[in-house]
Amino acid sequence: MTSAVNRISHPGGWLFAVATALALALLAACNGRPEPVRLAGETMGTSWHVTVIPGTGSPTPDVLQQGIGAVLEAVNLSMSTYRADSEISRFNALPVDEWFTLSPDFYAVLSTAMAIGWQSKGAYDVTVAPLVDLWGFGPAGPVSEPPSDDAVTEVLERVGQDHLRLDGDGLRLLKRSPVSLDFSSIAKGFAVDRVAQWLSGQGLENYLVEVGGEMRLAGLSGRGDPWRIAIERPDSGDRAAEEAIRVSEVGVATSGDYRNFFELDGKRYSHSIDPRRGYPVAHDLVSVTVVHPSAMVADGWATALVVSGYEDAMAVAQEQGLAVYFIRREGDAFIASHTPAFSRYLENPDPRD
């Protein structure tokens, strides 16, 4: 279903806890339900927020804070390219044709990422790290000017997941050429899933986990109904909600070009890099929201679909049976559309869907 979206903010009293791709509606407890416990911190160069509806015998807030922090630290130590001692940094530093033993978590993320790469026809690629660095969005920091075409061509020779050889039985990985991995488009979703798993292991059934905008929701909100989430309008100068969804037992991830970018000589360069061409995306698809049982899978697919562009993204999303909400820019207006699988999550679904 496609509709024209105007520039007027949606009513409804949404309270935004984080200014990211998703605006998070924090809802007060009512009807005699326990008061929500809200926790927060920093990880992976961003922030995290967790809202828990406690039950009888639930861990104290201090125990929850420490436990969540430990889970996130473990993911960071494995998958952060900003840490020289991380698992991913140690693999990236290896020479060609040398086997590297993987942790089970690392293997789970890498195998999922590579599957999305193949299914997205190369729009997603975990070896995109050299291009991310070249365009100033990596650990080395911003660039003063766009790279030359020759520089892009040279770096493209070091990009492509086909250069990887993954041994699932032995949990081993090697590179056949000097490629580097970058999990920044999927690790936050994985971290969300891991925190959710830990919370469930503590006997908690109703919670919301958010890391850098990627989310997972379980059970019911403090009001006793499914969690209500706002999809943010893709306007770099605005913080308004574009659409409302009701979700539970799923992960939610959004990717777009409207927060992380730089401008030079009046031209905008998005942080979303097309690994097939070596350049930031430059099309009218500005925001993609994916709902999936796994926040990790939703996170990876949100990036893949943004890179793909609207027509290819819609075709691939329907082919894969994904629940996806798209927003395109048309002049000063936005055009929203979604796959059939997304209709069930809309707060006010179109009766024609």
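Being among the small types (Gly, Ala, Ser), more than 18 Å from the chain's Cα centre (by Cα) and part of a strand (DSSP E or B): is that true of Ala40 here?
Yes.
Within region 226-252, how many residues turn out to be part of a strand (DSSP E or B) and within 16 Å of the chain's Cα centre (by Cα)? Let's see the steps before the verdict.
Initially, region 226-252 is screened for residues part of a strand (DSSP E or B), giving 227-232, 241-247, 250-252.
Adding the requirement that they be within 16 Å of the chain's Cα centre (by Cα) leaves 229-232, 250-252.
Residues that pass the stated criteria total 7.
Which residue out of Leu171, Leu217 is among the hydrophobic types (A, V, I, L, M, F, W, C) and in contact with a helix residue (DSSP H, G or I) (Cβ under 6 Å, 6 or more places away or on another chain)? Full working, then the answer.
Numbers: Leu217 fails: in contact with a helix residue (DSSP H, G or I) (Cβ under 6 Å, 6 or more places away or on another chain).
Step by step, each of Leu171, Leu217 is checked, and only Leu171 is among the hydrophobic types (A, V, I, L, M, F, W, C) and in contact with a helix residue (DSSP H, G or I) (Cβ under 6 Å, 6 or more places away or on another chain).
What number of residues in region 309-319 are at pLDDT 95 or above and either crowded, with 24+ Cβ neighbours inside 10 Å or at positive phi (or both)?
Summing the residues that are at pLDDT 95 or above and either crowded, with 24+ Cβ neighbours inside 10 Å or at positive phi (or both) in region 309-319 gives 2.
Is region 193-207 home to any residue that is in contact with a helix residue (DSSP H, G or I) (Cβ under 8 Å, 6 or more places away or on another chain), closer than 14 Å to Val247 by Cα and not small (Gly, Ala, Ser)?
Yes: one or more hits.
Check whether at least one residue in region 67-84 is crowded, with 18+ Cβ neighbours inside 10 Å, part of a loop (DSSP other than H, G, I, E, B) and among the hydrophobic types (A, V, I, L, M, F, W, C), and report yes or no.
no
Restricting attention to region 169-180, does a residue exist that is more than 25 Å from Thr303 (Cα to Cα), in contact with a Pro (Cβ under 8 Å, 6 or more places away or on another chain), assigned to a loop (DSSP other than H, G, I, E, B) and not assigned by TED's automatic domain parsing to the domain that holds Gly251?
Yes, some residue in region 169-180 is more than 25 Å from Thr303 (Cα to Cα), in contact with a Pro (Cβ under 8 Å, 6 or more places away or on another chain), assigned to a loop (DSSP other than H, G, I, E, B) and not assigned by TED's automatic domain parsing to the domain that holds Gly251.
Would you call Ala108 free of Cβ contacts under 8 Å to residues at least 40 places away in the same chain, within 17 Å of the chain's Cα centre (by Cα) and outside any loop (DSSP other than H, G, I, E, B)?
Values: free of Cβ contacts under 8 Å to residues at least 40 places away in the same chain: no; within 17 Å of the chain's Cα centre (by Cα): yes; outside any loop (DSSP other than H, G, I, E, B): yes.
Here the answer is no, as Ala108 does not meet what is asked.
Scan region 84-100 and tell me whether some residue there is more than 30 Å from Asp133 (Cβ to Cβ) and either aromatic (Phe, Trp, Tyr) or modelled with pLDDT of 50 or more (or both). Before you say what the answer is, go through the steps one by one.
Restricting attention to region 84-100, the residues satisfying the condition of being more than 30 Å from Asp133 (Cβ to Cβ) are none.
The answer is no; no qualifying residue exists.
Looking only at region 335-348, decide whether some residue is within 24 Å of Gly212 (Cα to Cα), of a type in the set (Phe, Trp, Tyr) and part of a strand (DSSP E or B).
Checked region 335-348: no residue is within 24 Å of Gly212 (Cα to Cα), of a type in the set (Phe, Trp, Tyr) and part of a strand (DSSP E or B).
May I ask you to list the residues in region 50-66 that are among the β-branched types (Val, Ile, Thr), surrounded by fewer than 18 Cβ atoms within 10 Å (Cβ to Cβ) and not in a loop (DSSP other than H, G, I, E, B)? Full working, then the answer.
To start, the set of residues in region 50-66 that are among the β-branched types (Val, Ile, Thr) comprises 50-53, 56, 60, 63.
The next check asks that each one be surrounded by fewer than 18 Cβ atoms within 10 Å (Cβ to Cβ); those that pass are 56, 60, 63.
Listed by number, the list holds a single entry, Val63.
Please enumerate the residues belonging to region 207-225 that are out of contact with any His (no Cβ under 6 Å at 6 or more places or on another chain), touching a residue at least 40 places away in the same chain (Cβ under 8 Å) and part of a strand (DSSP E or B).
So the first thing to find is which residues in region 207-225 are out of contact with any His (no Cβ under 6 Å at 6 or more places or on another chain), and the list is 207-209, 211-225.
With the extra rule that they be touching a residue at least 40 places away in the same chain (Cβ under 8 Å), the set shrinks to 207-209, 211-216, 219-224.
Of everything in region 207-225, those that are out of contact with any His (no Cβ under 6 Å at 6 or more places or on another chain), touching a residue at least 40 places away in the same chain (Cβ under 8 Å) and part of a strand (DSSP E or B) turn out to be Tyr207, Leu208, Val209, Val211, Glu214, Met215, Arg216.
Within region 306-322, can you find the residues that are touching a strand residue (DSSP E or B) at 6+ places or on another chain (Cβ under 6 Å), assigned to a helix (DSSP H, G or I) and not aliphatic (A, V, I, L, M)?
Correct list: Tyr310 only.
Tell me the residue from Ser144, Ser111, Ser120, Ser148 that is buried (at least 19 other Cβ atoms within 10 Å of the Cβ) and hydroxyl-bearing (Ser, Thr, Tyr), please.
Numbers: Ser144 fails: buried (at least 19 other Cβ atoms within 10 Å of the Cβ); Ser111 fails: buried (at least 19 other Cβ atoms within 10 Å of the Cβ); Ser148 fails: buried (at least 19 other Cβ atoms within 10 Å of the Cβ).
Exactly one of Ser144, Ser111, Ser120, Ser148 is buried (at least 19 other Cβ atoms within 10 Å of the Cβ) and hydroxyl-bearing (Ser, Thr, Tyr), namely Ser120.
Inside region 90-106, can you point out the residues that are out of contact with any strand residue (DSSP E or B) (no Cβ under 6 Å at 6 or more places or on another chain) and crowded, with 18+ Cβ neighbours inside 10 Å?
Within region 90-106, Asn92, Phe106 qualify.
The values are calculated or read from the model by the stated rules, or taken from the named source; none is laboratory data. Quantities reported herein were computed from a predicted structural model and do not represent experimental measurements. We place every Cβ from the backbone using ideal geometry, glycine too, and count neighbours over all the protein chains shown.
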